[in-house]
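Let me begin by presenting the structure, written as structure tokens, before commenting on it.
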Amino acid sequence: MKLPLSWLKEHTPLNAPVAEIADTLIRLGHEVEGVESPRADVKGVRVGQIQSMQPHPDADKLKLLKVDIGEAEPLVIVCGASNMGEGDKVPVATIGTSLPNGMKIKKGKIRGQTSFGMCCSEAELGLAEDAAGLLILPSDAPVGAEVGDYLELEEAVFDLSITPNRGDCMNARGIARDLAADADLPFSDVPCPDVSVDAGIASPAISVSAEDDCPLYMARRIEGVRVGDSPLWLQGRLLAAGQRPVNGVVDVLNYLMLDLGQPMHAFDAGTLKGGVCIRSATEGEAFAALDGRELKLSDGDLVVADSSSVLALAGIMGSLHSGVTEFTADILLESAFFRPARVSTTRRIYAMVSEASMRFERGVDPAMVAVAMQRATAMITELFGGKAGEVSISGAADSIQGGQSLSCSLKRLQTRLGVEIPASCDAVLSRMGFDVRRDGDRIDVTVPSYRHDISIPEDISEEYARVIGFDAIPATMPQLDITRPDIPDASIASAVADGFVQVITYAFIPRNEQRLFAEADGADIELANPLSDAMTVMRRSIWPGLLNIARHNLNRQQAGVALVEQGRTYVRTAGGHDENNLMAWLMTGEVQRDDWFAAARQADFFDLKGAVEAWLQNRGLSARFVADDKVRGLQPGQSAQVLVGRGIVGRIGKVDAGIADAFDIEVPVFVAEINLDALPEGKAPKFAPLAEFPGVERDLVFLFDRGTQAEDILQAVRKAGGRFLTEARIFDLYEGQGVSEGKISLGVRFMLQAADRTLTQEDSDAAMNAITEAIEKRFSATLRG
């Protein structure tokens with residue numbers, strides 16, 4: 001937003017240097033992106049009068065001018081423009097002058113003729129984006145005068161970036177209020193002129209059905225307006241502020257918006273059908289915007305409409321057909337307060353940014369709605385004629401934000417800022433419009449209607465910080481309690497590193513899926529108001545969610561699926577409910593694609609078992625897997641409990657074929673879960689040097705009763721193997737010829753090794769005999785020859 005210094009001075013008598021004013025604005029929280037100096041930028045450009053004009057002897061389109069600039073001799077200037085004549089007064093850039101576009105004027109020859117300066121257009125002086133010829137000055141312009149002084153160009157124009165919370169400062173009056181309050185300067189009252197009302201002009205019929213989004217709306221007819229160009233002073237003020245003049249009526253409304261912060265809109269009353277209604281749009285309703293866009297509106301968009309069409313997207317932009325033109329004779333003038341959230345939402349949906357929307361979505365001053373209506377009416381009728389009718393009003397300004405009060409502790413504010421807040425700061429806030437009262441440690445603040453950003457005590461501390469100056473607040477490190485940093489949980493990261501894909505499923509599942517892996521024992525937690533039939537109970541197992549995701553992927557031609565999720569399960573208890581933090585895995589389909597070096601291979605129990613073992617080893621834990629045919633939903637013979645130490649921490653197995661069929665999965669599915677809350681602390685890895693001495697490997701084959709658990713056999717071997725035993729595993733299984741009915745042949749392989757010497761035959765035999773004795777005694781097994 002650009003604001004000329006002269007405009008600010010209309011509200012408060014600023015007399016500080018421009019650089020100091022810029023520093024004050026920054027201290028008060030208004031970013032100054034730049035300061036333009038239009039008058040200084042054209043220093044050296046003087047008023048000249050053309051005494052004679054001759055054709056250039058060597059160029060048909062050039063002229064030789066003799067121009068009087070008040071010096072002893074006129075200047076000879078070569079000029080390519082064609083809109084001037086003898087006696088005209090024009091801006092003349094003398095030798096050594098630097099123009100706003102960066103051009104520096106030098107004496108030089110043009111087609112053989114020496115030129116001692118340059119006659120300028122509006123564009124070359126930075127007063128317009130382009131120009132068709134020279135700027136012809138009025139006949140009373142004093143020859144030799146500085147053009148910047150004569151045209152009363154601005155001394156300085158501040159280019160400001162206003163933060164989104166300060167909608168009250170998106171206008172000259174708001175910025176001037178802050179500056180006046182800070183420097184303790186007088187601040188002018190807002191003039192609200194009396195407007196004569198013509199009883200013969202009917203008040204417009206208005207209705208508001210969307211009162212929450214439009215709590216205040218005013219409208220008035222002005223008839224007999226002669227729309228023309230706005231006066232030069234008004235156009236100059238708009239140009240300096242970065243606005244493009246449009247026509248007299250629109251320029252007046254833009255000027256007041258920049259001055260007071262209240263956007264308004266004027267409709268061509270001759271295009272309206274019936275009364276005006278502020279309502280929500282209907283789905284698909286058409287709107288032809290002023291910028292030429294054709295929109296299809298949605299239900300809920302706030303619009304201003306007559307009986308036949310939409311006239312405006314409220315607070316954003318008017319319609320093309322109802323806009324004011326040079327042919328407009330009667331206008332309907334609108335001034336309103338639209339709810340910021342509604343304007344912001346609609347503006348984002350249609351990517352339609354306007355000067356009005358930027359102010360409405362930040363919040364305008366409700367008290368200024370009526371004042372702006374009176375000011376606009378007075379200026380329009382004074383400049384362009386016409387007679388005004390009575391104002392039609394819906395709503396009241398007091399109902400929007402009237403006298404909101406906050407109470408807080410002075411000590412709390414001072415602690416937050418790190419400095420004491422002197423009573424003199426209260427006076428500055430009072431000049432900004434706040435009512436501040438101190439009573440010991442208590443501060444009571446009444447917020448002005450234009451400060452929509454003040455709602456909590458922290459906002460008050462920010463206001464004090466602006467007054468004190470952030471640079472004046474000492475930079476000190478806060479006192480913080482020293483705490484042990486949290487160690488991030490690497491549970492998911494470890495599983496993902498092993499090739500699984502992390503997923504997140506809903507904690508709500510249908511009741512029929514709950515029954516697949518949990519008994520109907522009354523421990524379900526049912527939702528009182530489920531979102532749908534598929535979300536009726538809190539899950540007691542993560543597996544149903546993983547099965548649904550597996551089905552989704554397999555149906556989309558994924559040959560194999562490996563999923564992992566960390567989440568909670570929920571179960572009702574006598575005292576309320578319990579939650580368990582679980583890791584759950586699912587593996588199905590191909591784990592090896594068909595390739596030149598190997599055939600395709602489907603996932604099996606041992607693929608998932610190996611993944612769970614590797615995951616536990618990364619945590620410094622080792623697990624045992626004990627067969628358990630009673631895990632609900634898992635296939636007997638391929639399901640087990642997972643034990644760490646002596647405690648059960650999870651389950652693993654193959655999903656029952658009937659359950660897999662229910663999910664339309666035709667290939668074997670394997671699942672596992674680990675209760676993270678039940679896991680003990682893992683052992684930190686320790687360095688172990690490579691063994692210097694060779695080990696001894698021995699095999700023993702026994703006949704066991706069918707049904708003997710492999711894990712029990714290995715436990716017995718580890719216990720009996722002695723201090724040299726480093727490894728034990730089942731390496732062979734045989735049943736058939738030579739093995740009696742009800743028996744099974746299992747081969748046990750174990751490794752012996754010492755760190756300090758080579759083992760002897762006696763060492764090996766002693767360990768083998770101990771293992772054989774233990775196996776025969778515990779399982780009544782027979783050693784095979």
Original post:
Got a sec to turn the phi values of the stretch 599-613 into Karplus ³J(HN,Hα) couplings, 6.51 cos²θ - 1.76 cosθ + 1.60 with θ = phi - 60°, whole Hz, x for Gly and Pro?
Top reply: 7, 4, 9, 7, 4, 9, 4, 6, 4, 6, 4, x, 5, 5, 4
**OP:** On each of the three principal axes of the Cα atoms of the chain, give max minus min coordinate, whole Å, ordered largest first.
**Re:** 132, 70, 64
Subject >> Mean Cβ neighbour count within 10 Å, used as a protection proxy, ranking 722-735, 601-614, 88-101, 251-264 highest first >> reply: 251-264, 88-101, 601-614, 722-735
Subject >> Computed lengthening from Lys109 to Ala59, 0.36 nm per intervening residue step minus Cα-Cα distance >> reply: 16.7 nm
Subject >> Average accessible surface area per residue within the stretch 144-296, 1.4 Å rolling probe, Å² >> reply: 42
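Quick one: putting +1 on the C-beta of Lys and Arg, -1 on the C-beta of Asp and Glu, what dipole do you get for the stretch 553-649 around its Cα centre, in Debye to the nearest 20? If you can, show how the numbers build up before the last one.
Details: 11 positive and 11 negative charges, 59 e Å.
Charge dipole, the stretch 553-649, about its Cα centre: 280 debye, nearest 20.
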**OP:** Report, in degrees rounded to the nearest 10, the 0 to 90 angle that the Cα long axis of helix 368-384 makes with the longest principal axis of the chain.
**Re:** 40
Original post:
Given a Förster distance of 22 angstrom, what is the FRET efficiency for Glu211 paired with Ser405, based on the Cβ-Cβ distance and rounded to 0.05?
Top reply: 0.35
Original post:
Can you give the charge dipole size of the stretch 316-403 about its Cα centre, rounded to the nearest 20 debye, using +1 on the beta carbon of Lys and Arg and -1 on the beta carbon of Asp and Glu?
Top reply: 400
Subject >> Cα→Cβ-extended label distance, 7 Å offset, between Arg438 and Ala770, nm >> reply: 8.5
Subject >> Reachable lysines, given that their alpha-carbon falls under 19 Å from the alpha-carbon of Lys43 and they are not under 8 places away in the same chain >> reply: Lys89, Lys104, Lys106, Lys107
Original post:
Taking amide hydrogens as modeled 1.01 Å from N in the peptide plane, which residues meet the under 5 Å criterion relative to Gly560, leaving out close sequence neighbours?
Top reply: Glu590
Subject >> Candidate residues Phe517, Phe470: accessible-area rank, largest first, probe 1.4 Å >> reply: Phe470, Phe517
Subject >> Gained length - Val353 relative to Glu390, 0.36 nm times residue gap less alpha-carbon distance >> reply: 10.1 nm
**OP:** Give a residue-ordered list of calculated ³J(HN,Hα) values for the stretch 154-165 (Karplus: 6.51 cos²θ - 1.76 cosθ + 1.60, θ = phi - 60°; whole Hz; x for Gly, Pro).
**Re:** 5, 5, 7, 10, 8, 9, 10, 10, 8, 5, x, 7
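Here are some pairs, Lys66/Lys109; Lys273/Lys387; Lys630/Lys777; which of them have Cα atoms lying more than 25 Å apart in this structure?
As for pairs spanning more than 25 Å Cα to Cα, those are Lys630/Lys777.
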Subject >> Förster radius 51 Å - calculated FRET efficiency between Glu762 and Trp596, Cβ distance, rounded to 0.05 >> reply: 0.50
Original post:
For Gly48, which sequence-distant residues (separation of 5 or more, or a different chain) have an amide H within less than 5 Å of its own amide H, given hydrogens modelled in the peptide plane?
Top reply: Val90, Val92, Gly144
Original post:
Carbon-plus-sulfur fraction of the accessible area of the chain, 1.4 Å probe, in percent?
Top reply: 49
Original post:
What residues from the stretch 499-521 fall in the zone where the backbone N is under 13 Å from a label point 7 Å along the Cα-to-C-beta line of Asp533?
Top reply: 510-513
**OP:** Give a residue-ordered list of calculated ³J(HN,Hα) values for the stretch 618-623 (Karplus: 6.51 cos²θ - 1.76 cosθ + 1.60, θ = phi - 60°; whole Hz; x for Gly, Pro).
**Re:** 5, 9, x, 10, 10, 10
Subject >> Two-site label geometry, Glu10 and Arg784: point separation in nm, points 7 Å out along Cα→Cβ >> reply: 10.7
Subject >> Spin-label pair Asp194/Glu526, simplified geometry with 7 Å Cα→Cβ offset, distance in nm >> reply: 7.5
**OP:** Find the centroid of the Cα atoms in the stretch 247-312 and in the stretch 11-42, then give the distance between the two in whole Å.
**Re:** 36
Original post:
Taking K and R as +1 and D and E as -1, what net charge do the other residues with C-beta under 13 Å from the C-beta of Ile278 add up to?
Top reply: -3
Original post:
Is the stretch 405-471 best put as rounded, prolate or oblate by its Cα gyration tensor, with a ≥ b ≥ c the root eigenvalues, rounded for a/c under 1.5, and otherwise prolate when a/b is larger than b/c, oblate when not?
Top reply: rounded
Original post:
At a Förster radius of 41 Å, what calculated FRET efficiency corresponds to the Cβ-Cβ distance of Thr325 and Phe470, to the nearest 0.05?
Top reply: 0.25
**OP:** Could you tell me how many degrees, from 0 to 90 and to the nearest 10, lie between the Cα long axis of helix 543-554 and the main elongation axis, the longest principal axis, of the Cα atoms of the chain?
**Re:** 70
**OP:** Under 1.5 on a/c is rounded, so check that first for the stretch 39-150, then, if it is not, pick prolate when a/b is larger than b/c and oblate when it is not; a ≥ b ≥ c are the square roots of the alpha carbon gyration tensor eigenvalues.
**Re:** rounded
Subject >> Residues whose placed amide H lies under 5 Å from that of Ile110, excluding near-sequence neighbours >> reply: Ser115
Original post:
To the nearest 20 debye, what is the magnitude of the charge dipole of the chain about its Cα centre, counting +1 on the Cβ of each Lys and Arg and -1 on the Cβ of each Asp and Glu?
Top reply: 1380
Subject >> log10 of Debye I(q)/I(0), alpha-carbon scatterers only, for the stretch 696-783 at 0.12, 0.17, 0.19 Å⁻¹ >> reply: -0.35, -0.67, -0.80
Subject >> Radius 9 Å from Cβ of Leu75, net charge of other residues (Lys, Arg +1; Asp, Glu -1) >> reply: -2
Subject >> the stretch 224-368: C-alpha gyration tensor shape, a/c 1.5 cut-off, then a/b vs b/c >> reply: oblate
**OP:** Please give the residues of the stretch 147-182, grouped as numeric ranges, whose backbone N is less than 14 Å from a label point set 7 Å along the Cα-to-Cβ vector of Ala40.
**Re:** 154-159
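The values are calculated or read from the model by the stated rules, or taken from the named source; none is laboratory data. Small disclaimer: the values here were computed from a predicted structure and weren't measured. Virtual Cβ from ideal backbone geometry, glycine too; neighbours counted across all protein chains shown. Accessible surface areas use protein heavy atoms only, side chains included; no ligands, DNA or RNA. Shrake-Rupley method; radii C 1.70, N 1.55, O 1.52, S 1.80 Å.
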